[in-house]
Amino acid sequence: MEELKEFVITLVTMLILMTAVELIAPDNNMKKYLKFVLGLIFIAIMLSPIISVFTKGEENISIQIQKYIDLSKNQSIEVNKEYNNNSQNTFKKNLEENCNRILKEKFDNNEFSSEIDCDVDMDNIKYSINTVKVGVKNKDVSKIQKIIINTKEDSQSVYSQEDKVEKEDEIVSYLSETLNVSKDKIKVYKVN
C-alpha cells in the first residue's frame, strides 16, 4: 500500500513538473525535443512499479509459491489419510457383510450380525483379523426354556444347553476355515 502511495505522489509531481517546464520553455525547435525527453521520463516513471515487481517482487513471488506448495502438500496428506480411513472402514464393513452372508448361506435358519476388528494395509492390500464377534438370532420357533436367576451359567448361550456346543463350535469352525482365522479369535453370542 505504501508503494502505491509513493507511486501516485511521484506521478503527480512529475506531471506538475512537466507542465511547468513546457510553460517556461521558449517556442522554438527545442520545444519538441524537450517534450520528447519529458515523455521518456514520464514513461520511465510509469514503468517503475513493474520494474520493482521484477526486482524486489521476485523474492515475494517465490515465497508465495513456496507457501502454496507447502499448503498443497499438507492438504494432499490430509486427503490421503481421509481416503485411507474411508477405504479401511469400507473394507471392514464389506468384510462384515460378507461374513453375515456366508453364515446365512451355511446356517439358513439363523440371522447373523458380525463385528470384525482387523488391521488393514491399503498400500500392500493386506489385512489381518484380530477378533470376530458374531451375534446369532435363531429364527426357529422353540420351546420357552426355564429361566434361572443368579446362577453362574453362561448367559450368552446361543442355543439350548444340549445343542449349544455343537452349533457354536460348528459356526466357529466354519468361520475359522472360511476367513483363515484361528478359532480363539472368534466369539459367538446370542442376539434376542
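The values are calculated or read from the model by the stated rules, or taken from the named source; none is laboratory data. No experiment lies behind these values; they were computed from the predicted model shown. A quick note on method: Cβ atoms are made from the backbone with ideal geometry, for glycine too, and the neighbour counts reach across all protein chains shown.
Just one of Lys93, Lys137, Lys106, Lys126 is within 17 Å of Val181 (Cβ to Cβ), at pLDDT 70 or above and surrounded by 10 or more Cβ atoms within 10 Å (Cβ to Cβ); which is it?
Within the list Lys93, Lys137, Lys106, Lys126, the selection yields Lys106.
Inspect all residues belonging to the range 61-73 and state whether any of them is closer than 30 Å to Cys118 by Cα and either modelled with pLDDT under 85 or part of a helix (DSSP H, G or I) (or both).
At the first step, the residues of the range 61-73 found to be closer than 30 Å to Cys118 by Cα are 73.
With the extra rule that they be either modelled with pLDDT under 85 or part of a helix (DSSP H, G or I) (or both), the set shrinks to 73.
There is at least one residue in the range 61-73 that is closer than 30 Å to Cys118 by Cα and either modelled with pLDDT under 85 or part of a helix (DSSP H, G or I) (or both).
Report every pair of residues separated by at least 6 positions or lying on different chains whose Cβ atoms are under 7 Å apart, first residue within the range 25-52 and at negative phi, second not in a helix (DSSP H, G or I).
Pairs that qualify, where the first residue is at negative phi and the partner is not in a helix (DSSP H, G or I), are Lys31/Ala25; Leu34/Ala25.
For the structure I just gave you, tell me whether Ile45 is in contact with a helix residue (DSSP H, G or I) (Cβ under 6 Å, 6 or more places away or on another chain) and among the hydrophobic types (A, V, I, L, M, F, W, C).
So Ile45 passes the test.
Filter the range 99-128 for residues that are touching a residue at least 24 places away in the same chain (Cβ under 8 Å), in a strand (DSSP E or B) and more than 18 Å from Val172 (Cβ to Cβ) and give the result.
Scanning the range 99-128 gives Val120, Tyr127.
Only one of Lys35, Lys81, Lys73 is of a type in the set (Lys, Arg) and over 30 Å from Met122 (Cα atoms); which?
Lys35 is the lone residue from the list that is of a type in the set (Lys, Arg) and over 30 Å from Met122 (Cα atoms).
Which residues, counting only those in the range 177-192, are outside any strand (DSSP E or B) and under 12 Å from Asn130 (Cα atoms)? I'd like the intermediate steps shown before the answer.
Going residue by residue through the range 177-192, those that are outside any strand (DSSP E or B) are 177-185, 191-192.
Across the range 177-192, the qualifying residues are Leu179, Asn180, Val181, Ser182, Lys183, Asp184, Lys185.
Here's a check for you: in the range 38-55, which residue that is loosely packed, with under 11 Cβ neighbours inside 10 Å and either in contact with a Cys (Cβ under 8 Å, 6 or more places away or on another chain) or not polar (S, T, N, Q) (or both) is farthest from Val12 (Cα to Cα)?
Selected residue: Phe54.
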